[in-house]
Amino acid sequence: MTEIVTKVKRKLSPKTVAVVGFGNIGCGVVELLYIKGIPGLKLVKVVDVDLQRKRKVTLPPEMLSSDWHEVVNDPKIDIIVELIGGIEPAKSIQIAALKAGKEVVTANKKLLAKEGQEIFELAKTLDRRIGFRASFVGCHALIHEFRQAGTAAKKFRRIYAILNGTSNYILSAMTRDGKTFEEALKEAQTLGFAEANPSDDIDGLDTASKIRILLGLISNSYHHAAEFPVEGIREITSHDVQYAAELGYSVKLVGVIEEKDGVFSVSVRPTLVPQISLLGSLPGAYNGTEIEDEYGVISGLVAPGAGTYPTADAVVKDLLDIAEGRPMLMPDSAEPIVLGPSESEVRRYYLRFSVVDESGVLARICNIFWKYNISIAAVIQKEATSENFVPLVITTHMAREGDIQAAIGEVDSLPVVKAKTKIIRILKSDT
Ligand code: HSE
């Protein structure tokens with residue numbers, strides 16, 4: 001019966017949609033809405049500043065415009081899909097659309113991470129909805145979990161997530177095929193995963209935006225939490241991926257959200273995870289999420305993290321939620337999100353030193369570790385191939401991040417240490 005009523009309702013009132021941004025994702029959305037056709041949704045206009053560019057799909061000229069004001073001011077349009085990306089004019093478009101009484105759907109992780117407080121607050125005040133599944137397409141299925149959490153059932157204790165396809169592609173290619181960082185990045189760019197500015201991918205910024213959006217959902221707050229540690233994969237060398245593999249780990253770029261007594265620990269960093277775990281075995285441009293609820297139940301999710309069709313599909317799912325009157329999941333309060341200091345976190349670490357190959361070096365490092373109560377779990381050193389220095393890798397047992405930082409500060413000031421020590425955390429992954 002519900003099904004019949006929904007179908008009738010859809011037939012009577014299709015929602016009119018305008019897409020702003022006719023790039024790769026825009027083309028995918030147009031293909032789904034206009035070429036394939038989705039009942040309940042009617043694409044009426046597509047806006048892009050460059051209408052001359054050759055695209056995979058062509059539209060009649062009357063459906064095209066180069067001025068976003070035209071669609072935002074058109075009372076016949078119900079939903080604006082913003083697919084431009086970046087901060088401006090995307091922010092102005094979303095705000096104008098909400099103020100004009102329209103709903104908004106977007107893939108813009110950068111904007112929601114930076115300006116989400118203002119945008120979600122405005123949407124709440126105006127009783128408008130924002131669909132943003134496509135902004136974290138690699139784990140948007142979590143929306144279902146969060147929806148339940150929002151209504152009572154359970155809270156989440158931690159999320160470990162690989163959320164950037166480009167970085168995962170690079171690290172996988174370095175590990176599996178012995179590719180250099182540069183070769184692997186070029187391939188990811190050719191395949192169309194990378195952001196316009198690949199620094200967003202490899203410096204961890206894209207992952208950080210997605211983690212911030214997830215933090216908002218987990219805490220049900222659009223409060224803009226303080227900055228958290230973000231480190232990318234530029235300094236990961238082929239030595240690191242090889243040594244990690246010898247020790248049974250993969251190097252991955254992992255976003256972490258952990259909650260204890262209302263205080264969140266949040267970070268994005270290169271991380272060693274067991275090779276045989278869900279995250280450690282994640283190939284290519286895939287995204288993966290390991291999530292633990294308050295009862296200690298752990299579940300995992302793997303999905304494509306980038307690409308035209310996965311992203312367009314996430315956009316359409318949001319459009320259907322709006323068209324079919326389902327409640328949208330949006331952070332709902334301005335309750336401050338409290339982040340704890342990372343120095344007090346206790347983890348295991350992988351440390352790569354660049355040291356002179358001579359007597360007493362290991363002894364001096366061990367002495368400093370002893371002072372800070374850091375216990376060594378494994379040591380790897382290969383015979384030197386360079387006259388100047390040799391990579392020495394040490395993994396530790398559980399240690400306070402503050403102690404590790406202080407110890408490495410001292411180690412790096414020893415004359416036998418030739419370059420800044422690379423610190424990579426080790427996470428136990430349970431799936
Ligand atoms: N550049 C992003 C990635 C695209 O590589 O995952 C999807 O957000």
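The values are calculated or read from the model by the stated rules, or taken from the named source; none is laboratory data. Source: prediction; values computed, not measured. Counting neighbours? That spans all protein chains shown, and the Cβs are built from the backbone with ideal geometry, glycine included. Ligands, DNA and RNA are stripped out before the accessible areas are found, and what is left, the full protein with its side chains, is counted by its heavy atoms. Shrake-Rupley method; radii C 1.70, N 1.55, O 1.52, S 1.80 Å.
General remarks:
- Separation of region 334-365 and region 262-300, taken as the distance between their Cα centroids, equals 20 angstrom.
- The Cα atoms of the chain give a gyration tensor whose axes a ≥ b ≥ c have a/c of 1.5 or more with a/b greater than b/c, which makes the shape prolate.
- Fraction of accessible area attributable to carbon and sulfur, the chain (%, probe 1.4 Å): 54
- Cα shape, region 70-128, gyration tensor, a/c 1.5 rule: oblate
- Spin-label pair Asp293-Leu414: with each label point 7 Å from Cα along the Cα-Cβ axis, the two points sit 4.9 nm from one another.
- Taking amide hydrogens as placed 1.01 Å from N in the peptide plane, the amide H of Ala419 sits under 5 Å from those of Ser354, each at least 5 positions away in sequence or on another chain.
- Shape category assigned to region 259-378 from the gyration tensor of Cα positions, a/c cut at 1.5: prolate
- Extension gain, Lys99 back to Ala196 (0.36 nm per residue minus Cα-Cα distance, nm): 32.0 nm
- Pairwise FRET efficiency - Gln381 versus Leu122, Cβ, R0 = 60 Å, nearest 0.05: 0.55
- Among beta bridges from DSSP that stay inside the chain, the antiparallel ones total about 65%.
- Cα→Cβ-extended label distance, 7 Å offset, between Arg364 and Met398, nm: 3.2
- For region 227-307, convex hull volume per residue from C-alpha positions, Å³: 128
- Neighbour cut-off at most 16 other Cβ (10 Å), DSSP loop, GluC sites (Glu not before Pro), region 201-268: Glu227, Glu235
- Nearby lysines by direct alpha-carbon distance to Lys420 (threshold 22 angstrom, same-chain neighbours under 8 apart not counted): Lys252, Lys371, Lys382
- Between Ala334 and Glu235, the FRET efficiency estimated from the beta carbon spacing at R0 = 35 angstrom works out to 0.40.
- Too-long pairs where the Cα-Cα distance tops 18 Å, listed order kept, from Lys109/Lys422; Lys56/Lys91; Lys114/Lys155; Lys36/Lys317; Lys54/Lys109: Lys109/Lys422; Lys56/Lys91; Lys114/Lys155; Lys54/Lys109
- Contour excess over end-to-end distance, with Cα ends at Glu62 and Arg176 and 0.36 nm allotted per residue: 36.1 nm
- Using a probe of 1.4 angstrom and keeping all protein chains present, the accessible surface of region 253-352 works out to 38 square angstrom per residue.
- Karplus 3J(HN,Hα) series, Hz, for region 137-144 with 6.51 cos²θ - 1.76 cosθ + 1.60 (x for Gly, Pro): 4, x, 9, 5, 5, 5, 3, 4
- Applied to region 13-27, the Karplus parametrisation 6.51 cos²θ - 1.76 cosθ + 1.60 on θ = phi - 60° returns per-residue 3J(HN,Hα) values of 9, x, 7, 8, 10, 10, 9, 10, x, 10, x, 4, 5, x, 4 Hz, with x for Gly and Pro.
- Under 5 Å, built H, 5+ apart or other chain: amide partners of Val81: Ala18, Val19, Val20, Val105
- When the trypsin sites (Lys or Arg not before Pro) in region 60-125 are filtered for DSSP coil states and for at most 15 other beta-carbon atoms within 10 Å of their beta-carbon, the remaining sites are Lys76.
- Each of Lys260 and Ile87 was given a label point 7 Å from its Cα along the Cα-to-Cβ line. The distance between the two points is 3.5 nm.
- Evaluated with a Cβ-only charge set (Lys, Arg +1; Asp, Glu -1), region 108-221 carries a dipole of roughly 720 debye about its Cα centre, given to the nearest 20.
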